[in-house]
Amino acid sequence: MESSRRMLLRGLTGGACALGVGVGRGQIAPRPRTPSKTVTVSGAVALPARYSVLELGKMEGRPVDFHVPEGHRRSYLGTPLRTLLVRARPAEPDPLALRQSFVVAKGTDGYFALFTWAELFLGTHGDRVWVVYQRDGEPLGDDEGQIALISQGDARPGMRYVKWLSEVRIQRAAV
């Protein structure tokens, strides 16, 4: 059991490195903070797509309350990450193999968050991962980018909060 966990982690981290994202405490050296104007959904999908804030706003928008690490609360408007992933139609020929896939959400500054497919689709956590484009009734400011990703269900809020969201990529772990 333990060796299969190590192999899975090795596959996930190897896959993350192949995506151009680093793994570890500092992840990678941050790049300048450039506001994201679109988010691309790519990787192992049949229908890669690019969404602007306007296009995201036409999808199912829902209010999202998020407690930020500084301790205060913010109200966002966004669409579930799962909606974008389902629209992209994952291109895995074996549906069970999706359980070996992961999703990387990456910002223009190089910061990223990693989710397993199972975490997003087989449990309740996926109900609480959002691609957001408004805060407190206004478009996101340049301090967050025009598009961001938040994960409400994490025990430590903010660890998978991706400002300046520009890419969502699905990839199968190399196991």
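Observations, loosely collected:
- Options V53, V45; residue that is surrounded by 15 or more Cβ atoms within 10 Å (Cβ to Cβ), more than 19 Å from E138 (Cβ to Cβ) and β-branched (V, I, T): V45
- Selection from region 87-103 of residues that are without any contact (Cβ under 8 Å) to a residue 12 or more places away in the chain and either aliphatic (A, V, I, L, M) or within 15 Å of P48 (Cβ to Cβ) (or both): L96
- Set D109, D127: member being touching a residue at least 24 places away in the same chain (Cβ under 8 Å), touching a Pro at 6+ places or on another chain (Cβ under 9 Å), in a loop (DSSP other than H, G, I, E, B) and more than 17 Å from E55 (Cα to Cα): D109
- Filter result for V132 (within 21 Å of L47 (Cα to Cα) and among the β-branched types (V, I, T)): no
- Residue that is farthest from the chain's Cα centre (by Cα), among those in region 144-153 that are more than 13 Å from K37 (Cα to Cα) and in contact (Cβ under 8 Å) with a residue 60 or more places away in the chain: Q152
- L96 vs. criteria out of contact with any Phe, Trp or Tyr (no Cβ under 6 Å at 6 or more places or on another chain), buried (at least 19 other Cβ atoms within 10 Å of the Cβ) and not in a strand (DSSP E or B): no
- Taken over region 46-75, the criterion of being modelled with pLDDT of 95 or more and part of a strand (DSSP E or B) is satisfied by A49, R50, Y51, S52.
- Looking across region 110-167 at every residue that is among the polar types (S, T, N, Q) and under 15 Å from D65 (Cβ atoms), the one that is modelled with the lowest pLDDT is identified as Q152.
- R74 within 17 Å of T40 (Cβ to Cβ) and either in contact (Cβ under 8 Å) with a residue 40 or more places away in the chain or among the small types (G, A, S) (or both): no
The values are calculated or read from the model by the stated rules, or taken from the named source; none is laboratory data. Source: prediction; values computed, not measured. With ideal geometry, Cβ positions are generated from the backbone for all residues, glycine too; neighbour counts draw on all protein chains shown.
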